[in-house]
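These notes are about the structure you will find just below.
The values are calculated or read from the model by the stated rules, or taken from the named source; none is laboratory data. None of the values given here were measured: they were computed from a predicted structure. Here the Cβ positions follow ideal geometry from the backbone for every residue, glycine too, while neighbour counts run over all protein chains shown.
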Amino acid sequence: MTGLALLYSGLGLAFWTTLLGVGICYTIFDLGFRFDVAWFLTETSPYHVVQPGHWLAISLSVVGAAWGIYITGSSIIGGGVKAPRIKTKNLVSIIFCEAVAIYGIIMAIPFNGVTPEEIGARNYHAGFSMFGAGLTVVYAISSVGVCVGIVGSGAALADAQNASLFVKILIVEIFGSAIGLFGVIVAILQVPAS
Amino acid sequence: MAAALWALIGALAALGPGPAGAAAPRLPLLVWSTERSLWPPQSLPAGRALSEPELQELLEPGLRRGPRTVLLFLQEQLSLEDFTAFGAHGAFPRLQDALGSAGSALTVPAVAGAAAAALPLTLQRLLGAPPPLRLPGGALAGLRLNRTEPGSDHPSDHPSDHSDDPQSDPQSDPQPSLLLVGLPHRRSGLMGAREALSRNDAVLGEVLRVLQEERIPYTALLSAERPADPRPSPPLDFGGPRRALLARGVGEGPAEPPPLRWPPQGDPKILLWARNLSVTLGGRPQDLTPKTFGGGAEVDLGGSSWSPHEARLVLRYPEVFGEPLNITFLLRRAWFPVSGRPWAWLEEIGVTLGGAPPARFRIRGAAAPSPLGWRCGDLGTPGPLLLPLPPLEQSQRWGIRIRDLQVQGFNVSGGVFGGASDCAGFFGVGAWMGLISGGLLLGGLLLGGGVLLGLRPMDRFDDPRGPPLPVPLAE
């Protein structure tokens with residue numbers, strides 16, 4: 001087992017063992033009522049989930065975009081060795097990946113400047129909807145970034161083989177980028193509602 | 001009426017704040033008689049000890065109309081807790097029989113120590129009797145008692161009084177008989193409390209048996225010379241070793257006053273204890289702890305009520321900030337079908353000064369399954385748990401601070417607290433927020449680490465043994 005797998009499995013085992021032990025103790029001492037998710041959700045400040053939504057939105061969207069750029073870029077560089085003509089044209093794929101990261105920045109702007117006083121101590125709707133907006137962007141953009149990257153990689157390599165294929169594959173990339181936009185639109189709709 | 005009121009105020013003043021740390025002794029008093037309806041049902045002042053004038057006023061009607069034979073059983077130590085602790089374990093079978101078969105019975109849970117000590121003189125005065133005849137160990141041998149029935153016009157034609165004095169003329173002495181029976185068994189290292197109580201109960205039963213065989217109507221009183229020493233905490237049994245919750249035996253240590261009980265007689269239904277109870281009005285603090293718990297308590301619980309779904313404990317103080325003060329603890333219980341069990345919660349604390357509108361405070365999270373009480377180390381305003389309710393102009397004037405509060409309004413058994421759910425969890429709110437946020441950050445870190453460590457160069461078209469790739473110079 002590699003070091004990383006060992007680390008992950010060790011962490012997972014520790015986590016689940018702790019959870020199991022605590023759960024057994026709560027059960028045998030008839031303290032199950034103390035496991036109160038509602039207490040956690042209502043007692044914690046809503047603001048403490050707004051900020052994670054904020055940084056998840058920007059960071060994981062950039063992660064997705066970076067992953068796409070890494071995939072596309074390495075294909076462009078590799079394919080460009082044999083077919084140097086593809087280098088300039090396939091930068092469009094890089095731009096599409098970077099646009100995906102811009103979606104994350106677009107989402108970060110509504111989060112900007114939100115203070116605990118604005119939200120209030122008991123405005124659970126505001127806090128959790130902003131966290132949800134951030135998660136919406138995270139799931140949409142991170143996967144779209146990878147999608148655009150893989151399609152861009154294919155476009156570069158196909159273009160190296162046959163120049164007429166590039167435009168057709170670019171259409172696939174456009175669709176991939178558009179579905180990321182759906183996630184951004186929904187997230188923007190979530191934020192003002194709070 | 002006015003005289004009684006002044007006597008009561010005087011009694012309250014006499015019971016008022018004494019030397020710091022001093023606890024006035026209080027003793028229970030049981031009274032029963034073969035005659036019926038001597039003491040009609042009446043509400044005794046709750047939460048405080050009766051003084052000598054009050055006791056005299058309480059006993060006088062029944063003694064005047066009752067049998068002429070009065071027995072006063074005095075044991076060395078007795079407290080109300082002895083009945084709750086040992087009653088169910090068969091320490092008082094004959095006393096219970098006597099009370100059950102008595103025509104009239106009266107239970108006074110708390111009589112001031114001085115009033116209890118003066119009980120023989122009080123009875124002598126009320127009955128107009130000669131000094132009491134002392135019967136150590138309850139020996140009634142050779143005693144002839146007055147068989148006068150209550151309500152008869154004159155006892156002159158009945159055999160009269162106690163006969164140990166050979167010069168007494170039994171035919172012309174219809175005086176009431178006051179017998180002082182000293183119950184001999186004392187608690188010590190060799191004889192525990194329960195055994196001493198049980199043996200004294202046997203002596204009491206023997207005396208009453210003699211009277212019953214002789215068909216002598218009587219009135220009997222049971223009290224003690226001094227309160228019992230504090231008992232060590234009894235084992236807290238919540239149904240087995242499964243439940244060892246956060247409760248502790250409050251109010252049972254030697255330095256801790258006992259909890260407030262309502263009703264004060266019999267099995268309490270509501271228990272409340274706090275290490276410190278204080279209120280603040282307009283910046284002026286007032287510590288109510290000595291007025292609420294312990295020997296100098298002057299709180300009246302008479303306004304309290306209980307039903308299976310609502311328990312209301314009302315603490316009435318005669319004067320705080322120059323006016324009467326009421327503090328109300330409202331507890332509720334309800335069945336929750338999803339949970340499948342009843343839950344009880346401390347819903348509200350109300351503070352009313354004089355005739356002003358009450359200041360109300362809601363308590364957050366003071367809920368637990370019904371057999372459990374609720375405990376909190378620190379409850380007060382400002383604070384996360386105690387929230388002022390409208391009208392805010394009233395509730396924001398007041399500050400409340402209760403330390404080490406434990407309250408139970410339902411499923412109280414044996415007169416002691418059951419288990420309790422604490423307001424503090426293992427992690428505080430901030431700790432949970434930090435754990436969740438930290439977990440998210442750690443997750444992001446692990447994800448990033450996984451991605452970085454999983455990077456591989458693209459080697460799909462890489463052939464190490466093939467010819468080197470030509471790089472055209474034209475591009």
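Residues that are surrounded by fewer than 19 Cβ atoms within 10 Å (Cβ to Cβ) and more than 20 Å from B:ALA228 (Cα to Cα) occur at least once in the range B:104-111.
Matching residues to (1) outside any strand (DSSP E or B); (2) more than 18 Å from the chain's Cα centre (by Cα):
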| residue | (1), (2) |
| --- | --- |
| B:ARG316 | no, no |
| B:PHE329 | no, no |
| B:ALA334 | no, yes |
| B:PRO342 | no, yes |
| B:GLU347 | no, yes |
| B:TRP374 | no, no |
| B:GLY383 | yes, yes |
| B:LEU387 | no, yes |
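Annotation note: of B:PRO468, B:PRO382, B:PRO388, B:PRO464, the sole residue that is closer than 29 Å to A:ASP36 by Cβ, more than 8 Å from chain A (Cβ to nearest Cβ) and modelled with pLDDT under 85 is B:PRO382. One residue alone among B:VAL429, B:VAL451, B:VAL412 is touching an Asp or Glu at 6+ places or on another chain (Cβ under 8 Å), under 30 Å from A:GLY12 (Cα atoms) and surrounded by 11 or more Cβ atoms within 10 Å (Cβ to Cβ), and that residue is B:VAL429. Does A:SER129 count as exposed (fewer than 15 other Cβ atoms within 10 Å of the Cβ) and assigned by the TED database to the domain that holds A:LYS89? It is false that A:SER129 is exposed (fewer than 15 other Cβ atoms within 10 Å of the Cβ) and assigned by the TED database to the domain that holds A:LYS89.
Just so you know, in the range B:261-314 the residues that are assigned to a strand (DSSP E or B) and of a type in the set (Val, Ile, Thr) include one that is surrounded by the fewest Cβ atoms within 10 Å (Cβ to Cβ), and it is B:THR280. The set of residues in the range B:431-459 being more than 8 Å from chain A (Cβ to nearest Cβ) and modelled with pLDDT under 75 consists of B:ASP459 alone. Among the residues of the range B:396-418, is there at least one that is at negative phi, at pLDDT 80 or above and in a helix (DSSP H, G or I)? Looking for residues that are at negative phi, at pLDDT 80 or above and in a helix (DSSP H, G or I), one finds none in the range B:396-418, hence no. Checked against (1) out of contact with any helix residue (DSSP H, G or I) (no Cβ under 6 Å at 6 or more places or on another chain); (2) among the hydroxyl-bearing types (Ser, Thr, Tyr); (3) under 30 Å from B:ALA424 (Cβ atoms), A:SER59 passes all but condition (3). Pairing residues of the range A:146-175 that are touching a residue at least 12 places away in the same chain (Cβ under 8 Å) and surrounded by fewer than 17 Cβ atoms within 10 Å (Cβ to Cβ) with residues that are among the hydrophobic types (A, V, I, L, M, F, W, C) and assigned to a helix (DSSP H, G or I), at Cβ distances under 7 Å and at least 6 apart in sequence or on separate chains, gives A:VAL172/A:VAL151.
Of the residues contained in the range B:396-416, none is found to be touching a residue at least 24 places away in the same chain (Cβ under 8 Å), acidic (Asp, Glu) and within 14 Å of another protein chain (Cβ to nearest Cβ).
Criterion applied to A:LEU56, A:LEU7 was being within 30 Å of A:PHE111 (Cα to Cα), within 10 Å of chain B (Cβ to nearest Cβ) and aliphatic (A, V, I, L, M), and the one residue passing it is A:LEU56. All of (1) without any contact (Cβ under 8 Å) to a residue 24 or more places away in the chain; (2) of a type outside the set (S, T, N, Q); (3) more than 12 Å from chain B (Cβ to nearest Cβ) hold for A:GLY32 with one exception: (3).
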